[in-house]
């Protein structure tokens, strides 16, 4: 098996899993218990939160840990801090889940404006300026786009917003950024990430919110998950440079080979992080390519499981065929060079409709 869909989901890191298992076995009582175990549990909880906040460069009261209900928490933050404003500006390069959330925002009497991007997929700052009104509550721009890997100029976006109105909130989905690029939480007001594609235990989330932003509900998760999240943050940050170094090399290996194929277009560009390579195989629909790869146990995807059309490719290139034939190859430090070689052979044989004969090796050399 060659897995090249790490932007969708990742295996749990062994060190993180061991941390979670150890905490589950040794700290199984409630932290409210007045006995020694309860006291130690509270101490471990507070220590884990402190370490997590320190590693992220934020304060403890700026962190919310969730059971994966990130959009519920985001809605809570938005509604609690509305101040009678009713407009939200959304990027056209968000993940599909964000567009589902737009329907929830509209049900909460918020009006949506969509900001344009330029030909490189970067937010059009002039269009953003024009969209901002006295009624604008929040601007949502992903730190890194999940389909094309394009890294947005978040710091510049914030400067534009705050120059017009300091009260406008900047939200950014960090799910494809954290652990892959350096994230400066002070460049945003609200951010969120999920553990599923960060080598953490499944179904958990981290919300960053500026300390003065209020929430209505109380959010908490069990102690073992808190400990595991703290370890996930630590590992992600400490390993960032080493992981990136390898992925850059893997990326180059793939791109150098694929660029020679006629009829293949690269949708990722110079602003894309090396973890994501998005291509369009212009005479083969996305589902056909993914299924052909599946036959050889090579697993990749388009970003939206419910649609063949890539909204991000459409937003950047305005080409429906290109959007219907796009495939995302997402890499990891776990990807081996043999994995890449096998993928390239399978791709070549699919391109020329030939059989595959290759001795697979899943080592991480």
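Annotations for the structure displayed:
- Residue match in segment 202-217 (condition: closer than 17 Å to residue 7 by Cα, surrounded by fewer than 22 Cβ atoms within 10 Å (Cβ to Cβ) and in the same structural domain as residue 19 (by TED's automatic domain parsing)): yes
- The set of residues from segment 156-185 being more than 29 Å from residue 251 (Cα to Cα), in contact with a strand residue (DSSP E or B) (Cβ under 6 Å, 6 or more places away or on another chain) and touching a residue at least 60 places away in the same chain (Cβ under 8 Å) comprises 169, 171.
- The numbered conditions (1) modelled with pLDDT of 95 or more; (2) crowded, with 21+ Cβ neighbours inside 10 Å are all true for residue 187 except (2).
- Counting only strands (runs of 3 or more DSSP E) that fall entirely inside segment 77-182 and contain at least 1 residues that are modelled with pLDDT of 95 or more and more than 22 Å from residue 213 (Cα to Cα), the qualifying elements are 87-91, 111-115.
- In summary, residue 319 fulfils each of the numbered conditions (1) farther than 21 Å from residue 198 by Cα; (2) within 20 Å of the chain's Cα centre (by Cα); (3) crowded, with 16+ Cβ neighbours inside 10 Å with the single exception of condition (2).
- Those residues of segment 222-281 which are in a helix (DSSP H, G or I) and within 17 Å of the chain's Cα centre (by Cα), in sequence order: 229, 232, 233, 235, 236, 237, 240, 243, 244, 247
Quick grid of which residues meet (1) within 30 Å of residue 337 (Cβ to Cβ); (2) touching a helix residue (DSSP H, G or I) at 6+ places or on another chain (Cβ under 6 Å):
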{"position": "6", "(1), (2)": "yes, no"}
{"position": "12", "(1), (2)": "yes, no"}
{"position": "18", "(1), (2)": "yes, no"}
{"position": "27", "(1), (2)": "no, yes"}
{"position": "40", "(1), (2)": "no, no"}
{"position": "78", "(1), (2)": "no, no"}
{"position": "81", "(1), (2)": "no, no"}
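- For segment 37-56, the criterion of a residue being part of a loop (DSSP other than H, G, I, E, B) and out of contact with any strand residue (DSSP E or B) (no Cβ under 8 Å at 6 or more places or on another chain) is satisfied by no position.
The values are calculated or read from the model by the stated rules, or taken from the named source; none is laboratory data. Here the structure is a predicted model, which means the values were calculated and not measured. Heads up, the Cβs are rebuilt from the backbone with ideal geometry, glycines too, and the neighbour counts pull from every protein chain shown.
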